[in-house]
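One structure is given below, encoded as structure tokens.
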Amino acid sequence: MLTKFFGFDPKTQTVGKEVAAGVTTFLTMSYILFVNPMILSDAGMDFNAVITATALAACFGTLLMAFWVKVPLAMAPGMGLNAFFAYSLVIGEGITWETAMGVVFISGVVFLLLTWLGIREKIVNAIPLSLRLSIPAGIGLFITFIGFQNMELIVRDDATMIALGGISAPLALGLFGILLIAILEVKKVRGSILIGILATSGIAMLFGLISIPDSYFSAPPSPAPVAFQLDIIAALQWGLMGAIFSFMFVDLFDSVGTLVACSYEAGLAEEDGTIKKIDKMLGADAIATLFGSLAGTSTTTTYIESASGIEEGGRSGLTAFTVAILFLLALFFTPVIAAVPAYATAPALVVVGMFMFRNISKIPMADWPDIVAAFLTVILMPLTYSISMGLTFGFLFWTVLTAINGKMKEIHPVMWIVAVLSAVNLWITLV
């Protein structure tokens, strides 16, 4: 039965090892239950309802990986994508979160169509390596910037726009959280981010900075305030086309990169480098995004933290099934999640930003178009408070400079389309 449902091989795998791997994966990625509601609540969404939406989206997407794809991969609302939703779209563009959720849904439809047509991987391959690597680096800086704001290390300033904050409890606890998580990472302790969040919150409770929950267990909050509230019609406006494509590109690179990396670890790569079940994996990613937008959360994607469970021996869908069940069980601890302050989740944002930034050294810097495009992509995401604007400048400048440099043959036809769309998006934004 386990073989039929999860692709479990009793000759090489054991139930105990698969379940232990699932627990490991859950511990390393469960911080999303604390961080995602905190970010989306900044967009005006109901905090408790988003907790439920986050867990349901993670459970649904991971169950797809368990039963349909039969691989040890877990899914949840993506970091960076949730920041783009809240800070770039809702706050930056001034639209409602319902409209932004419609944008997520439409991008999910585009994901699914591109996957079914076999175009998704071709688009990723058309984007130059410099941009593929600079996108996560830029998003890493962006969410780190948000984390520093939440712990009051960076504050508003009328003269210089931003400035260094003064001594405060949120700042002290936030810096403590960063240091603790970093130490745990050095020691290779599983669940370091979750431990950091809980430890920082615990100290805050000890000193009376936040209230101790009346109870630690409760029935899961209703997702009704955010579920099925998306406004698809409002999202179908030309001014939001750039946002739709930004969601598409960010999730493309995020999911494909994660799937390839984890697949090699799990032994799912063929001798020629192709990935087994890659079409199903990408399809599951797209379907999970559609479900997540209906449930009331931003884009759902495959988590690189799945590699931690794979390292523990997870090889089948049983590992993913374990993760999905744990996300559901976590809903009964909602009072604990709701008690966590923003400055306790801020270290998680900073550390995840570090993870996303660490591959910046791999960006090719031999050619000027790569240098300019990568730099503008990375620096403009935090400075403009917009992931899409960083993408826009990066795509546009790389294409134009490469053409001027006499290397027209290196520009894939897809990049010309992307460059034109980027130019239109820039025009609409600035005019």
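What follows draws every value from the coordinates through simple rules; no lab data is involved. None of the values given here were measured: they were computed from a predicted structure. Every residue, glycine among them, receives a Cβ derived from its backbone with ideal geometry; neighbour counts consider all protein chains shown.
Rounded to the nearest 20 debye, the dipole size of the chain about its Cα centre is 720 debye, using +1 on the Cβ of Lys and Arg and -1 on the Cβ of Asp and Glu. Remark: ASP279, ASP251, ASP42 ranked as ASP279, ASP42, ASP251, counting other beta-carbon atoms within 10 Å and listing the fewest first.
What residues of the range 321-336 lie in the reach of a label at PHE217, counting those whose backbone N is under 19 Å from a point 7 Å from the Cα along Cα→Cβ? Answer for this model: 325-336. Only Cα pairs under 8 Å and 6+ residues apart enter the sum, and on that basis the relative contact order of the range 2-430 stands at 35 percent. When MET205, MET381, MET79, MET38 are sorted by how many other C-beta atoms sit within 10 angstrom of their C-beta, beginning with the fewest, the order is MET205, MET38, MET79, MET381.
Between the range 324-347 and the range 371-420, the C-alpha centres lie 38 angstrom from each other. You can think of it this way: the chain between ALA159 and VAL414 has 87.5 nm of extra reach, that is 0.36 nm per residue less the Cα-Cα gap. Distance between the 7 Å Cα→Cβ label points at MET365 and LYS280: 4.3 nm.
In the chain, excluding the sites themselves, the longest stretch lacking any of the GluC sites (Glu not before Pro) that are in a DSSP loop with at most 10 other Cβ atoms within 10 Å is 1-269. Between the range 57-107 and the range 218-238, the alpha-carbon centres lie 12 Å apart. Of the residues LEU33, LEU64, ILE91, the one whose Cα sits farthest towards the positive end of the charge dipole of the range 1-100 is LEU64 (charges of +1 on Lys and Arg Cβ, -1 on Asp and Glu Cβ, taken about the Cα centre). For the residue pairs LYS11/LYS188; LYS122/LYS280; LYS188/LYS276; LYS17/LYS187; LYS188/LYS277, alpha carbon separations beyond 24 Å are given by LYS11/LYS188; LYS188/LYS276; LYS188/LYS277. Over the range 259-363, Cα pairs under 8 Å with separation of 6+ residues give a relative contact order of 22 percent. The shape of the range 151-273 can be summarised by an equivalent ellipsoid whose semi-axes, obtained from the alpha carbon gyration tensor, come to 34, 27, 22 Å from longest to shortest. Charge tally around THR300: other residues with Cβ under 12 Å, Lys/Arg +1 each, Asp/Glu -1 each, net -3. From the largest down, the chain spans 63, 62, 45 angstrom on the principal axes of its Cα atoms.
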